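The values are calculated or read from the model by the stated rules, or taken from the named source; none is laboratory data. None of the values given here were measured: they were computed from a predicted structure. Here the Cβ positions follow ideal geometry from the backbone for every residue, glycine too, while neighbour counts run over all protein chains shown. With ligands, DNA and RNA removed, areas are computed over all heavy atoms of the protein, side chains included. Shrake-Rupley method; radii C 1.70, N 1.55, O 1.52, S 1.80 Å.
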Amino acid sequence: MKFNPIDMENWKRQEIFNHYLNQGTTFSMTAEIEISGLYRKIKQQEYKLYPALLFLMTRVVNSNTAFRMGYNSAGELGYWDKVDPLYTIADSVSESFSAIWTAGTGDFRAFHDSYLSDVENYKHSGRLFPKTPIPEHTFSVSMIPWMSFTGFNLNISNNGNYLLPIITAGKFMTKGDSIYLPLSLQVHHAVCDGYHAGWFMNEVQAMADRAEEWIGG
C-alpha cells in the first residue's frame, strides 16, 4: 500500500502536531449510533452484523486522511492511501480472542465473503495474531458484544507515536422501536481534533442510515 510522507516544514498542522505529540495526548469519544435500518437490512439479506459494521467503519476511516496517518516502518510520518481493519474475533472454546485482518474492498458482499473465510480459518487458532504478516496499514477494531456501555477508554502507555484510530463497539440495545449501537473512537490529538471525531460519528450514522445503498438487494 502506498505511503505518502508528510513534509513537516510546509504542513499547516505542524504546530498542533508537535504540541500534542510531545504531550502524548489522546482522547476518546463514545456515541450511540442508530442502526435500526441497517440491522433490518442485514437480517433480510441474511448477512452478519459485525462484517457490516467493519465495512462501514473502514469506508468512513478511509474517507478522511486524518484517520490514515501514522509512522511507517522506516519511522517516517505520513498517511496511507488506504487502511484495512485489524479486528478481534472471539473463541468461545478458550474464552479468549484473536485479532485478524481482512483487506477492504468497495463491494460489501465481497468483503463479507472474505470476512467469513478469514474467521473460519483462524477462529480456533489459540493465537493473538494468527494471520501474518500484519500489514502496516491496519487500524484496530474490537467488539464487546456481551454488554453495552456509555463510555470506553483504551490506554497505550508504551507507544506514544501510535496515531491510527482505535474503534470499539458494544452490545446493541433496543429503545422503543429503535436499535442503538454504542461506538467508541480513540484517537491521538496530534492528528485528530474534536472536529474529526465528531465528523467520524456523523459519517458512521449517515452511512448506517444509507445501508440499502451499499448492502444492495
Selection count, segment 102-145, where residues are open to solvent by 40 Å² or more (accessible area, probe 1.4 Å), over 24 Å from Lys43 (Cα atoms) and not in a helix (DSSP H, G or I): 10
Can you name the residue in segment 78-101 that is outside any loop (DSSP other than H, G, I, E, B) and open to solvent by 20 Å² or more (accessible area, probe 1.4 Å) and, of all such residues, is nearest to Lys131 (Cα to Cα)? Trp101
Kindly indicate whether Ser73 is over 30 Å from Lys175 (Cα atoms) and at pLDDT below 95. yes
Restricting the search to segment 65-77, which residues are open to solvent by 30 Å² or more (accessible area, probe 1.4 Å) and not small (Gly, Ala, Ser)? Thr65, Tyr71, Glu76
If I ask for residues that are over 25 Å from Arg68 (Cβ atoms), among the aromatic types (Phe, Trp, Tyr) and open to solvent by less than 50 Å² (accessible area, probe 1.4 Å), which ones from segment 1-48 would you list? Tyr47
Given (1) within 25 Å of Lys48 (Cβ to Cβ); (2) at pLDDT 95 or above, where does Asp193 come up short, assuming only one miss? (1)
Determine the pairs where a residue that is in contact (Cβ under 8 Å) with a residue 40 or more places away in the chain, located within segment 55-82, has a partner that is among the β-branched types (Val, Ile, Thr) and outside any loop (DSSP other than H, G, I, E, B) with Cβ atoms under 6 Å apart, the partner being 6 or more residues away or on another chain. Met57/Ile167; Val60/Val204; Phe67/Val61; Tyr79/Thr65
Hits in segment 1-26 - residues which are in contact (Cβ under 8 Å) with a residue 60 or more places away in the chain and either touching a His at 6+ places or on another chain (Cβ under 6 Å) or among the basic types (Lys, Arg) (or both): Met1, Lys2, Arg13, Tyr20, Thr25, Thr26
